[in-house]
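As structure tokens, the structure follows; a few thoughts come after it.
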Amino acid sequence: MGLSDLDSFCYIDAESTALLQKAVESFSLSARAAHRCLRVARTIADLAGAEMIALEHVAEAVQYQTLERRG
């Protein structure tokens, strides 16, 4: 999924956007890492059978991103 596809396929609500923004600030995530979180959140939502990306999907994706940075 390219950058241009994020707006179409990775829509998140205001609460999820705020969580992602806080993660970007707290963990000094790059724009590329934030986009990766969105793509992972979309995958998590797909695996859960959810049409929309929910807050818990974004939270899980952020957790994976922060674990990756530690390892």
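The values are calculated or read from the model by the stated rules, or taken from the named source; none is laboratory data. Here the structure is a predicted model, which is why all the values come from computation and not from measurement. Counting neighbours? That spans all protein chains shown, and the Cβs are built from the backbone with ideal geometry, glycine included.
Per-residue answers, yes or no, for (1) surrounded by fewer than 16 Cβ atoms within 10 Å (Cβ to Cβ); (2) at pLDDT below 95:
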{"position": "18", "(1), (2)": "yes, no"}
{"position": "32", "(1), (2)": "yes, yes"}
{"position": "45", "(1), (2)": "no, no"}
{"position": "52", "(1), (2)": "yes, yes"}
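Kindly indicate whether residue 19 is over 12 Å from the mean Cα position of the chain (by Cα) and outside any loop (DSSP other than H, G, I, E, B). The answer is no for residue 19. Filter the stretch 21-30 down to the residues that are modelled with pLDDT of 95 or more and either farther than 21 Å from residue 70 by Cα or of a type outside the set (S, T, N, Q) (or both) and list them by number. Answer for the stretch 21-30, where residues must be modelled with pLDDT of 95 or more and either farther than 21 Å from residue 70 by Cα or of a type outside the set (S, T, N, Q) (or both): 22, 23, 24, 25.
In the stretch 3-11 there is no residue that is crowded, with 17+ Cβ neighbours inside 10 Å and either in a helix (DSSP H, G or I) or over 9 Å from the mean Cα position of the chain (by Cα) (or both).
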